[in-house]
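Worksheet: the structure to be examined is printed underneath.
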Amino acid sequence: MTDLTPIAATAPLFEPIKLGAIEAKNRILMAPLTRGRSDPGSIPNELMTEYYRQRAGAGLIISEATGISVEGLGWPAAPGIWNAQQTEAWKPVTEAVHEAGGKIVLQLWHMGRLVHPDFLGGEPPVSSSATTGPGPAHTPSGRKPLEQARPLRLDEMPRIVADYARAAANAKEAGFDGVQLHGANGYLIDQFLRNGTNLRDDDYGGSPANRTRLMREVLEGLIAVWGADRVSIRLSPNGESQGADDSDPASVFGEAARVLENLGISFVELREPGPEGTFGSTDVPPQSPLIRQLYTGPLVLNSDYTAEDAAAAVASGRCDAVSFGRPYISNPDLEERIRVGAPFAPNVDVPRSWYLPGPAGYVDYPTLAEEQARVAAE
């Protein structure tokens with residue numbers, strides 16, 4: 001019989017945890033990762049089903065960012081969740097994860113000003129204000145400069161909230177265990193949060209309370225569908241991200257934390273790169289200590305964690321779980337490697353293979369057991 005006892009250095013990661021209504025078997029989460037493998041029409045497929053099934057050992061899978069509308073999706077071959085065909089195509093994914101003993105929530109995505117007009121029939125993208133993302137954008141015909149967004153009108157805000165709520169209802173129909181609002185990385189919600197991109201002088205701009213208004217309204221729409229205990233959010237509160245930045249992150253993200261506490265959402269995930277981050281870096285201090293004081297629910301941290309660092313963060317109480325992104329690309333059984341102290345397999349041919357169509361660099365990475373069997377046979 002296999003000994004499932006984790007090594008001492010990472011044992012804190014293998015204590016079960018409740019993330020709202022979701023009971024996670026360990027504290028190793030799979031972070032959302034855009035992989036660009038969907039079929040035309042932003043429709044999930046069998047390849048994606050296998051990819052997520054392979055990674056069902058995570059305490060919780062947070063799916064790749066998934067478009068809530070045509071307006072909000074500007075990434076070739078990224079999936080959507082705004083129509084019946086997409087919803088139906090997600091069902092084999094959730095069924096496969098559940099059959100393998102895993103849990104999965106869907107990350108809801110509106111890219112805002114980072115959508116190129118090529119995706120919108122030539123129309124400009126929408127954002128909090130008339131600003132332009134740093135680009136270039138990935139389009140079906142290659143990389144192109146982004147164009148200036150048009151500010152969303154006040155009378156359009158209910159439509160944006162309704163788009164998110166419809167996508168959340170479709171996620172429930174597709175069999176997910178919950179939803180996560182993508183509020184990070186310079187996309188639409190983040191464009192409203194940060195004063196570097198939100199130049200409005202109405203009820204959605206200016207003060208931190210106003211800049212968090214759309215986030216709150218969207219979360220309320222998601223909660224109306226799912227209940228607060230199955231709704232979470234991802235934020236990137238420290239430093240610039242895809243051109244979005246803030247002159248006083250503590251003020252706006254402190255206000256955001258108060259909103260999240262009042263709503264009672266299931267957990268908060270923070271992407272917090274450091275000064276030597278391997279995929280984005282910043283000298284802006286992490287905001288997680290402040291958010292930890294104001295939001296009392298489970299806190300999940302992300303960005304460049306080793307297994308040992310993650311375990312130490314959980315053991316110290318700095319967070320309740322850690323989400324791993326790129327390590328899960330090449331380690332479908334990452335939690336097993338952490339449990340026994342095995343080295344992580346490296347990503348091969350990256351970042352090229354991250355977004356290419358087909359199985360290469362996607363579902364062809366071996367598990368630790370498969371690696372050991374191959375070595376034994378040689």
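Remarks
- Sole residue being over 22 Å from Ala31 (Cα atoms), in contact (Cβ under 8 Å) with a residue 24 or more places away in the chain and of a type in the set (D, E, K, R), chosen from Arg216, Arg271, Arg292: Arg216
- Residue list for the range 245-273, restricted to those being among the hydroxyl-bearing types (Ser, Thr, Tyr) and within 19 Å of Cys319 (Cβ to Cβ): Ser266
- Which listed residue is of a type in the set (Lys, Arg), in a helix (DSSP H, G or I) and surrounded by fewer than 18 Cβ atoms within 10 Å (Cβ to Cβ), from Lys18, Lys91: Lys91
- Those residues of the range 50-66 which are farther than 20 Å from Leu108 by Cβ and hydroxyl-bearing (Ser, Thr, Tyr), in sequence order: none
- Pairing each residue of the range 97-109 that is without any contact (Cβ under 8 Å) to a residue 60 or more places away in the chain and part of a loop (DSSP other than H, G, I, E, B) with any residue that is surrounded by 24 or more Cβ atoms within 10 Å (Cβ to Cβ) and not β-branched (Val, Ile, Thr), provided the two are 6+ apart or on different chains, yields C-beta distances under 7 Å for Gly102/Ala58.
- Of all positions in the range 189-200, at least one carries a residue that is surrounded by fewer than 19 Cβ atoms within 10 Å (Cβ to Cβ) and not basic (Lys, Arg).
- Of the criteria (1) surrounded by fewer than 24 Cβ atoms within 10 Å (Cβ to Cβ); (2) out of contact with any strand residue (DSSP E or B) (no Cβ under 7 Å at 6 or more places or on another chain); (3) free of Cβ contacts under 8 Å to residues at least 60 places away in the same chain, which one Ser42 fails: (2)
- Where Asp155 falls short, out of the listed (1) outside any loop (DSSP other than H, G, I, E, B); (2) farther than 23 Å from Met215 by Cβ: (2)
- Restricting Ala137, Ala65 to those that are of a type in the set (Gly, Ala, Ser), surrounded by 18 or more Cβ atoms within 10 Å (Cβ to Cβ) and out of contact with any helix residue (DSSP H, G or I) (no Cβ under 8 Å at 6 or more places or on another chain) reduces the list to Ala65.
- Among the residues of the range 305-326, those that are under 15 Å from the mean Cα position of the chain (by Cα) and closer than 24 Å to Asp364 by Cα comprise Ser323, Phe324, Gly325, Arg326.
- Out of Lys144, Lys103, one residue alone is basic (Lys, Arg) and under 16 Å from the mean Cα position of the chain (by Cα). It is Lys103.
- Looking across the range 21-39, the residues that are over 21 Å from Thr66 (Cβ atoms) and surrounded by 15 or more Cβ atoms within 10 Å (Cβ to Cβ) come down to Lys25, Asn26, Arg27, Ile28.
- Check on Ala169, of a type in the set (Gly, Ala, Ser), part of a helix (DSSP H, G or I) and either touching a Gly at 6+ places or on another chain (Cβ under 7 Å) or within 25 Å of Gln242 (Cβ to Cβ) (or both): no
Just so you know, all these numbers are worked out from the coordinates, no wet-lab data involved. Predicted, not measured: the structure shown is a model, and the values here were computed from it. Note that we place each Cβ from the backbone using ideal geometry, even for glycine, and neighbour counts take in every protein chain shown.
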